Structure formats: structure tokens, C-alpha cells
1. Would you confirm, using the coordinates I've provided, whether GLY238 is loosely packed, with under 13 Cβ neighbours inside 10 Å, of a type outside the set (Lys, Arg), within 21 Å of ILE120 (Cα to Cα) and at pLDDT 95 or above?
2. Quick one: how many residues across the range 99-131 are at pLDDT 95 or above and within 21 Å of SER79 (Cβ to Cβ)?
3. Which condition does GLY64 not pass, out of (1) within 22 Å of GLY236 (Cβ to Cβ); (2) surrounded by fewer than 17 Cβ atoms within 10 Å (Cβ to Cβ); (3) touching a strand residue (DSSP E or B) at 6+ places or on another chain (Cβ under 9 Å), if it passes all the others?
4. Could you tell me which residue of the range 113-167 is nearest to ILE94 (Cα to Cα), considering only residues that are surrounded by 22 or more Cβ atoms within 10 Å (Cβ to Cβ) and in contact (Cβ under 8 Å) with a residue 60 or more places away in the chain?
5. What are the pairs with Cβ atoms under 6 angstrom where one residue, in the range 169-193, is within 19 Å of VAL249 (Cβ to Cβ) and the other, located anywhere, is of a type in the set (Val, Ile, Thr) and in a helix (DSSP H, G or I)? Sequence gap at least six, or different chains.
6. If ALA230 passes every condition in (1) crowded, with 18+ Cβ neighbours inside 10 Å; (2) assigned to a helix (DSSP H, G or I); (3) touching a residue at least 60 places away in the same chain (Cβ under 8 Å) but one, which one does it miss?
7. Could you please find all residues in the range 170-193 being within 30 Å of GLU141 (Cβ to Cβ) and within 15 Å of the chain's Cα centre (by Cα)?
8. Kindly list the number of the only condition in (1) outside any strand (DSSP E or B); (2) farther than 21 Å from ASP225 by Cα; (3) touching a residue at least 24 places away in the same chain (Cβ under 8 Å); (4) over 13 Å from the mean Cα position of the chain (by Cα) that fails for ILE60.
Amino acid sequence: MTAPAATMQGQELAGKVALITGGALNIGRAISLSLASAGAAVAINTRTSREQADGVAEQIRTAGGQAEVYLADIANAPSVKEMADGVLKRFGRIDILVLNASIRKEVLFKDMTFEQWRDIMSITLDGSFHCIKACLPSMIEARSGSIITLAGDNALMGAVRKAHSSTAKNGLVGLTRALSRELAENGIRVNCVSPGNINTTRPAHRSPRANAKGTIPLGRWGETDEIAAAVRFLCGPGGGFITGQTLHVNGGQMMFA
């Protein structure tokens, strides 16, 4: 099946197909909408948020774009393969993979069980492994593609009650760098976007947000659309000579040489 045509001229991702894990809520939702507005057909993955995912897909279709919802547990390899096969059957290719799905359970390390540790690793790292493995053949065949991982500045600088997620997100940075070198000969770029403090809807079990605005040079929290814009840039022609990089979108709260 051929790739979908653009619905409007001038869309930089026209004809591309993007798979976004955790694409129904918060940052994932914003990324799904942004890539669709750039002309990409969007495969929205979710494990449990079917109603929200359907809402995002309907919003994209109403705007003239193409979107489908795929229920899959990315920690389960057969489930991921079934999802990737479904995307390929529907759209014919996978050009962009955005690894956004994660779970953010908080617990002090001294109280953490191995099962809690593995819950985070299974989604963030194992899930990334399964998704990349499933999508890679399509990208290698096309000799082009873009893989985006989502880390987080809190993970990179350390955070109380988040030893497991900090470890996993740092693992994504290492995976990004390694694969950017390994896959470059296939025309595939691999980059990471690391959000700072972003306005998102938080589940009740998570600890209250600290007021960190005073430590952010821009004096405010970021918006999900601003993370989506960074992902869109890296996926598009403007990011064509960028690979192996981590783009920190944090209002200047953390600065790197």
C-alpha cells in the first residue's frame, strides 16, 4: 500500500507515517496532533486510554488528516509486532517512531520492590526495544526514518522517589546515542527530546508539584505543544542533519555545554 497523500500543500511530513506510543494523553496527545498537522498519517498507540485515543484520532480526521488507534502493551513483544503489522497493513510504511509511553510511579528506593523497578524498565526500556525492532525493517527498506525517544530533565539531574524512572530515562539517552551511530548508514536518524517542567494532567497518586518557576529563567512552565514542536522539528527536513542529540526543552532550567 502506498503512503497517504498530504491533505494540504506545504506540510513538511506529507506522505510520512508516524507511530506514537502513549499518544492519547498529555505530551503524547500533543505530538500526535502536531505530526498530523504537519501532514503525517498518525498511528496512536495506547494501552488503556482507548476513549482518549479515539478522541485524538477523531480530531485529526475532522481536520482532514489520517489517524488510527492501536491498543498494545509495548512491554509485550507479540503485542508490539501485531501493532506494527497493523500499521504497515493500513498505511504501508512506518517513517517515524516516537517513544513517548511511560509510567511514572513514585516510591523511595529503600521501599522499592524489584517488581516496581521492573514495571518502569519494562515500559521505558523493554518497550522501546520491542517497538524499534518491530519498526526498523520498514525504515531500513526505505533507507530513511526518524526515531525520537522522550527522556526528562528530572531524570537526568536526579529526583527523589524516582530512582527507577531516572535510570530508565537515562538508558534511553544511551540507546539514542548508540543507535544513532549504528543506524546512520541506513539513513535513519535517532534523537531524544528531554522535557523540563511541563503543564500536564497528573494522576492523583503522584506527589504534588513543587513551584519551580523561580528556578526557570523563562519564568514559567512549558506546554505540551512546545515539546511536540521539538519532536516535529527533529522528524522533519529541518532536522535532517541532526542525529544522536538530546534536545532539552526546559526554559533554561538546566543548561548543557
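1. On the way: loosely packed, with under 13 Cβ neighbours inside 10 Å: yes; of a type outside the set (Lys, Arg): yes; within 21 Å of ILE120 (Cα to Cα): no; at pLDDT 95 or above: yes.
So GLY238 does not fit the description; no.
2. Qualifying residue count, the range 99-131: 18.
3. Answer for GLY64: the failing condition is (3).
4. CYS135
5. VAL190/THR176; CYS192/VAL173; CYS192/THR176; VAL193/VAL231
6. Going through (1) crowded, with 18+ Cβ neighbours inside 10 Å; (2) assigned to a helix (DSSP H, G or I); (3) touching a residue at least 60 places away in the same chain (Cβ under 8 Å) one by one, ALA230 breaks only (3).
7. We begin by selecting, within the range 170-193, every residue within 30 Å of GLU141 (Cβ to Cβ); these are 171-193.
The answer is GLY171, LEU172, VAL173, LEU175, THR176, ARG189, VAL190, ASN191, CYS192, VAL193.
8. (2)
The values are calculated or read from the model by the stated rules, or taken from the named source; none is laboratory data. What you see is a predicted model; the values in this text were computed from it and never measured. Cβ atoms come from the backbone with ideal geometry, glycine included; neighbour counts cover every protein chain shown.
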